[in-house]
1. Can you pull out every residue in region 98-156 that is within 27 Å of residue 245 (Cβ to Cβ) and among the basic types (Lys, Arg)?
2. Pairs only if they're at least six apart or on different chains, beta carbon under 9 angstrom, first in region 33-45 and under 16 Å from residue 108 (Cα atoms), second acidic (Asp, Glu); list them, first residue then second.
3. Condition first: in contact with a helix residue (DSSP H, G or I) (Cβ under 6 Å, 6 or more places away or on another chain) and at pLDDT 95 or above. Now tell me which residues in region 77-97 satisfy that.
4. Across region 189-209, what is the number of residues that are more than 9 Å from the ligand (Cβ to nearest atom) and assigned to a loop (DSSP other than H, G, I, E, B)?
5. Quick check: is even one residue across region 236-253 over 30 Å from residue 135 (Cβ atoms), within 14 Å of the ligand (Cβ to nearest atom) and out of contact with any Phe, Trp or Tyr (no Cβ under 8 Å at 6 or more places or on another chain)?
6. Looking at this structure, is residue 225 assigned to a strand (DSSP E or B), within 25 Å of residue 106 (Cβ to Cβ) and away from the ligand (no atom under 14 Å from the Cβ)?
7. Residue 107 versus (1) under 27 Å from residue 177 (Cβ atoms); (2) aromatic (Phe, Trp, Tyr); (3) out of contact with any strand residue (DSSP E or B) (no Cβ under 6 Å at 6 or more places or on another chain): which is the lone unmet condition?
8. With the structure loaded, tell me whether residue 258 is in contact (Cβ under 8 Å) with a residue 12 or more places away in the chain and within 22 Å of residue 76 (Cβ to Cβ) or whether it fails that test.
Amino acid sequence: MLEKIKATANYIKERINASPEIGIILGTGLGGLVNEIEIIDSIPYIEIPNFPISTVDGHAGRLIYGKLGEKEVLAMQGRFHYYEGYSMQEVTFPVRVLKYVGISHLFVSNATGGLNPNFKVGDIMVITDHINFFPEHPLRGKNNKELGTRFPDMSKCYDKRLQNKAKLIASEHGLNIKEGIYVGVSGPTFETPAEYKMFRILGADVVGMSTVPEVIVARHMDLKVFGVSIITDSGVPGEIVEISHEEVQKVAMKAEPKMTLLMKKMIESL
Ligand code: HPA
């Protein structure tokens, strides 16, 4: 795997002739950040050697290299979800590659169901910690020491300094942000009311179907991580209504300007 990671990273480095320090996974709610990036190059995933093949209808995905303010960034437009059938190695491969291109920071976003009764649909939440509820671990198998240690520490998964910076930026710009714990599940079903209740009892504030594998791998390689969730629907007893992917997208679109502003200011201030 290491050879593949290095080969893919080399392909990207040679193509962009740069080594940006900031990686971004443009999950749900962060699509708008693309419009803020001064795009220098955009590489369709299909052209990147060893990248997983995208299965999503039409949305092939691309890696964007560009500038956000003064900062050079590499942004993944389109991520690989476990529920699509990718292996954990495939889901997390791009994060490995970004590390070998040279990033030191990873910014991620996602859509979630809210479990904390103080959260409203449309809120955004800075992730302070996570619970891994995926049925398979991305680091299971032989460990390559060059990538990271066999038993990675997870006590400081989401960078505290970046979280504090987010709070500062939010107060400066009048953004109301929550903070809390993300539980990552495989999906693709949304939760039953009993499952939402269980995840709340287990200590989570939101539930979603991504992020945790990528963050585990990022921390394995000692990247600094910052993550934000959009609460697109409620899993709070008494507030649960029927939902769909379309509804999730619609709510996420509405919250996008808040999310985009926060991420943009965060990255510019590094
Ligand atoms: N559950 C899991 N994943 C999600 C949800 C949810 O309610 N909403 C958006 N992604």
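1. Across region 98-156, the qualifying residue is only 120.
2. 33/256
3. Selection gives 82, 88, 91, 92, 95, 96, 97.
4. Summing the residues that are more than 9 Å from the ligand (Cβ to nearest atom) and assigned to a loop (DSSP other than H, G, I, E, B) in region 189-209 gives 5.
5. There is at least one residue in region 236-253 that is over 30 Å from residue 135 (Cβ atoms), within 14 Å of the ligand (Cβ to nearest atom) and out of contact with any Phe, Trp or Tyr (no Cβ under 8 Å at 6 or more places or on another chain).
6. Yes.
7. (3)
8. So residue 258 fits the description; yes.
The values are calculated or read from the model by the stated rules, or taken from the named source; none is laboratory data. Note that the structure is a prediction, hence the values are computed from the model and not measured. Note that each Cβ is placed from the backbone with ideal geometry, even for glycine, and that neighbours are counted across all protein chains shown.
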